[in-house]
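Asker: This is the structure I want to talk about, given as structure tokens.
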Amino acid sequence: MFSPLFLRVKNQGRIYTWQRRKLCESQTSEQGFRFFCALRFQYRLTSQVEGKVLNAEVFTSIGQMTDLIFTERELVQSLKEYIQAEEAKLSTVKSWANKLDTLTQMSTSDPEGYLAHPVNAYKLMKRLNTEWSELESLVLQDPSDGFIANISVHRQYFPDEEDEKGAAKALMRLQDTYKLDSESFSKGRLPGVRYNALLSVDDCYDMGKTAYNEGDHYHSVLWMQQALRQLDGGEDAAVSKAEVLDYLSYSVYQMGDLPRAIELTRRLVTIDPGHQRAGGNLRYFEKLRSQEIREQAKATSDPTEERPIVLGTYERPRDYLPERETYEALCRGEGVRMTPQRRSRLHCRYQDGNRNPRLLLKPMKEEDEWDSPRIVRYLDALKDEEIEKIKELAKPKLARATVRDPKSGVLTVAHYRVSKSAWLEGEEDPIIARVNQRIEDVTGLTVDTAELLQVANYGVGGQYEPHFDFSRRPFDSNLQKDGNRLATYLNYKDEPDAFKSLGTGNRVATFLNYMSDVEAGGATVFPDFGAAIYPKKGTAVFWYNIFRSGEGDYRTRHAACPVLVGSKWVSNKWIHERGQEFRRPCGLTEVD
């Protein structure tokens, strides 16, 4: 068994407490079997300020979700031990029953003759007075108590309904971004997968119901149709075909497809003639369809056969992000504007940081990723042992990544940023100080005024939609009033004082370390000029966010694509203006 372990970590106003302790070890001496209660965790997430339990948002970090794998394994072990205890108890009871059956058969055949023997008379008194009482106590014992106590304690940090809903939405986001149909997910046909995972009818139904409850009839149709397809294929399920058709027919109606809604509702009425809504819905749909035909002044006949619904049958509703199609196309590797002419301008070199003493003997390998704006990648920027140490330091501190609310200016969580992050100081470990120094050496920029090293781990479908790293000023001369940038101006509030409290100016540059390979998805894309940069463990990319004049370079609006398969770990350093006056002096024009 594990020894008691207590870990207490303070992180951004929260205290995480893990208690690992052995519950109990009980023994029933009479029956000769032992039941060990399984190891249990007690996890408490409290707030120093509010003093209340907070949502852990488990689904936003694959790194923290791995803990649940081991938790589930321990619960399975606890369940097995409970089964063993029940079997041992039943075995003991059966042994008693067999023994007593033999005795009663003998005694009832000749009661007086049996009791004529004084030993038999004594043993009958003993059995009824003592042994039957012991058997009664044995039968009344409940070996499930330990298991119930164990799972009750674990439940304190189980994923909650919001986690399940968040994970379901993540699958839908992946489905949209990478243009994957529901059957690909259901059958586990994803690129780069190492483990096969299937979705049952009930899983697909729950996905569709999650979308339906959110008013998302587009995805509800896709997932309910997949559930129906698997039911039609003969797969067993707890949910009935009528329940699936009920949701599917109404969602199809909401998508504006009356003929198909009528087809599906007729099928529902055939399966369940007494359905409380189906008959009324069918009459309503048919009435609307008749009106529609009359308005079109042509008698378009309803289809006689139900057509399959596939990805692309209905147009996906537009949302708040104007460059959605461009962004997602880049995530799929489509629309990358890497021409032969541009590629010919990209080179590789050894970077010694302007003859920096620490890089003279071992300069950094530098490759051009893009020419304008210039983006470079450094090879061997982090060693494996450095990566593991950074992850080790960050994991206990990981908290849901935040964005600045455009109305209140307060940092808050957002659905368009799905990850957890932690901030590491150089004093925490020599490796952090070494990484900070390396960034300064290779970029030639001081990190004395930079922000702490931020470490991020992306969760299920983890992403960060298009955003700027620098703070924007109102009425920036570079801000165009047409196309995507106008929409950006409307959707993302200017933040002229975003870093005022730091006293270090704007974010002049971004240094982004990739700390893991990603099997599929997870690219860093720049929708403005059509670049896609893929994660490669141990490498780093670097770009300037503002011109030498201090004006923001709006071309650097970028995004972290959803992770399709894998776990994405990154760390980044945001370098600020102060201290760079002689390292990166102003140019002669606004856009130098």
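The values are calculated or read from the model by the stated rules, or taken from the named source; none is laboratory data. As the structure is a computational prediction, the values presented were derived from the model and not from experiment. So basically every Cβ, Gly included, is an ideal-geometry build from the backbone, and we count neighbours across all protein chains shown. What goes into the accessible areas is simple: the full protein's heavy atoms, side chains included, and nothing from ligands, DNA or RNA. Shrake-Rupley method; radii C 1.70, N 1.55, O 1.52, S 1.80 Å.
Asker: Could you list all residues from region 536-574 that are basic (Lys, Arg) and either buried (at least 19 other Cβ atoms within 10 Å of the Cβ) or over 18 Å from Gly505 (Cβ atoms) (or both)?
Answerer: Hits for region 536-574 are Lys536, Lys537, Arg555, Arg557, Lys568, Lys573.
Asker: Just to be sure before I move on: is Ile69 at pLDDT 85 or above, open to solvent by 30 Å² or more (accessible area, probe 1.4 Å), out of contact with any Asp or Glu (no Cβ under 8 Å at 6 or more places or on another chain) and over 30 Å from Ala170 (Cα atoms) in the structure I sent?
Answerer: Considered against the rule, which asks whether it is at pLDDT 85 or above, open to solvent by 30 Å² or more (accessible area, probe 1.4 Å), out of contact with any Asp or Glu (no Cβ under 8 Å at 6 or more places or on another chain) and over 30 Å from Ala170 (Cα atoms), Ile69 comes out as no.
Asker: Would you mention how many residues in region 515-535 are surrounded by 22 or more Cβ atoms within 10 Å (Cβ to Cβ), touching a Leu at 6+ places or on another chain (Cβ under 6 Å) and farther than 14 Å from Ala329 by Cα?
Answerer: Residues that pass the stated criteria total 0.
Asker: State which residue pairs qualify: first residue open to solvent by 40 Å² or more (accessible area, probe 1.4 Å) and inside region 575-592, second residue aromatic (Phe, Trp, Tyr) in any location, beta carbons under 7 Å apart, and separation of 6 or more residues or different chains.
Answerer: Final answer for the pair search is Glu590/Phe547; Val591/Phe547; Asp592/Phe547.
Asker: Looking at region 344-370, I want the residues that are open to solvent by 100 Å² or more (accessible area, probe 1.4 Å) and have a partner that is among the small types (Gly, Ala, Ser) with Cβ atoms under 8 Å, at least 6 apart or on another chain. Which pairs are those?
Answerer: Matching pairs, first to second residue: Asn354/Gly444.
Asker: Oh, and also: Only one residue in Tyr205, Tyr247, Tyr195 is out of contact with any Lys or Arg (no Cβ under 6 Å at 6 or more places or on another chain), outside any helix (DSSP H, G or I) and of a type in the set (Phe, Trp, Tyr), so which one is that?
Answerer: Criteria check complete, one pass: Tyr195.
Asker: Right, next: In region 115-135, what residues are among the small types (Gly, Ala, Ser) and either open to solvent by 80 Å² or more (accessible area, probe 1.4 Å) or over 30 Å from Phe147 (Cα atoms) (or both)?
Answerer: Selection gives Ala116, Ala121.
Asker: Would you please list the contacts, defined by Cβ atoms under 8 Å and residues six or more apart or on different chains, that run from a residue in region 230-250 that is under 22 Å from Arg277 (Cα atoms) and touching a residue at least 12 places away in the same chain (Cβ under 8 Å) to a residue that is open to solvent by 50 Å² or more (accessible area, probe 1.4 Å) and of a type in the set (A, V, I, L, M, F, W, C)?
Answerer: Lys241/Ile271; Ala242/Ile271; Leu245/Ile271
Asker: On to the next question. Only one of Val418, Val376 is among the β-branched types (Val, Ile, Thr), touching a Phe, Trp or Tyr at 6+ places or on another chain (Cβ under 8 Å), outside any loop (DSSP other than H, G, I, E, B) and at pLDDT below 95. Can you tell me which?
Answerer: The match here is Val418.
Asker: Select, from Glu87, Glu112, the only residue that is at pLDDT 80 or above, assigned to a helix (DSSP H, G or I), closer than 15 Å to Asp142 by Cα and open to solvent by 30 Å² or more (accessible area, probe 1.4 Å).
Answerer: None of the other options fit; the residue is Glu87.
Asker: For residues that are touching a helix residue (DSSP H, G or I) at 6+ places or on another chain (Cβ under 6 Å) and part of a loop (DSSP other than H, G, I, E, B), scanning just region 254-274, find the one that is farthest from Ser240 (Cα to Cα).
Answerer: The residue in question is Met255.
Asker: Pairs, please: C-beta under 8 Å, at least 6 apart or cross-chain, first residue within 14 Å of Glu72 (Cα to Cα) and in region 142-153, second among the basic types (Lys, Arg) and open to solvent by 30 Å² or more (accessible area, probe 1.4 Å)?
Answerer: As it stands, the answer is Asn150/Arg40; Val153/Arg40, since those pairs meet every condition given.
Asker: Right, another one. Got a sec? Which of Gln105, Gln156 is in contact (Cβ under 8 Å) with a residue 12 or more places away in the chain, open to solvent by 70 Å² or more (accessible area, probe 1.4 Å), over 30 Å from Pro466 (Cα atoms) and not β-branched (Val, Ile, Thr)?
Answerer: Every option except Gln156 fails the conditions.
Asker: Taking region 228-265, which residues are open to solvent by less than 20 Å² (accessible area, probe 1.4 Å) and among the polar types (S, T, N, Q)?
Answerer: Gln230, Ser249, Ser251, Thr265
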